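Please treat every number below as a calculation from the coordinates, not as lab data. All of these numbers come straight from a predicted model, not from anything done at the bench. FYI the Cβ positions are ideal-geometry reconstructions off the backbone, even for glycines, and counts take in every protein chain you see.
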Amino acid sequence: MPVVGAQTRQEAAGEPGLGAGPTAAALLLTRRQFTAGSIAVATAAASGLSIHGVGHGVGCQPPDRPSTDATNADATLRLIVNGASVELGIDLRSSLLDVLREQLQLTGAKKGCDHGQCGACTVHVDGRRVASCLTLAVQADGREITTIEGLSPEDGPLHPMQQAFIDHDALQCGYCTPGQIMAAVACVREGNTGSVDQIREYMSGNLCRCGAYPGIVAAILQAAPEMEGT
Ligand code: FES
Ligand code: FES
């Protein structure tokens, strides 16, 4: 059974998902180059220098990224991920999101902003929702991680929240959906579904650029009573 919310519709169709893959990386680099070049030009204009004299700004390199190569590991991480024990070598600088996506190939959690502002990377650590892009992987050592892939059994029924998102068409592009569902499950378990306003407040850390908010709230209202006792 497909994992609801684990893939964007583009990814499901075999097309590259947003925010992932070489196209996005190339775009990011181009933006950096553009920004650096713009600053260089502005500096040159302000100081009266020739553009040729400050052109090195255009070629500046992106910052070093944490390695996902186990042979370069400088720490051993032990996790229980979706019920399975895993042990792997990590770069100490790695975020939990990068370890899940790049080393464990659990790409349901999405990298939207990588700055804790969008909620696309939401997973559960010991049952509590966290922005995995802001969580160092070493902070999760020995803990239990649940991602969208582990929310319902592979061969079993969907989780009530996944089904509710389908029932209320609570997505458009689907990019935010894994994070929305994980946050919504936590929101119910926290007891923060007493009213529409309360749901909106406690889901406000998860942004949806498609504006699927009415459907998301309706889905949570449907799933909340079905989740009692889970
Ligand atoms: Fe983590 Fe946006 S990717 S909050
Ligand atoms: Fe597109 Fe939420 S469904 S960002």
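Here the dipole of segment 74-130 is about 260 debye; that uses its Cα centre as origin and unit charges on the Cβ of Lys and Arg (positive) and Asp and Glu (negative). Under a 5 Å amide H cut-off, with hydrogens placed 1.01 Å from N, VAL123 pairs with VAL130, SER132 among residues at least 5 apart or on other chains.
The orientation-averaged projection of the convex hull spanning the C-alpha atoms of segment 111-230 amounts to 7.4 square nanometres. Working note: Karplus 6.51/-1.76/1.60 with θ = phi - 60° gives segment 132-144 the couplings 5, 6, 9, 9, 5, 4, 5, 5, 8, 4, x, 9, 9 Hz, where Gly and Pro are set to x. Summing +1 for each Lys or Arg and -1 for each Asp or Glu, what net charge is found among the other residues whose Cβ lies under 13 Å from the Cβ of ALA84? Net of charged neighbours comes to -3.
The simple spin-label model puts a point 7 Å past each Cα toward its Cβ; for CYS210 and ARG189 those points are separated by 2.5 nm.
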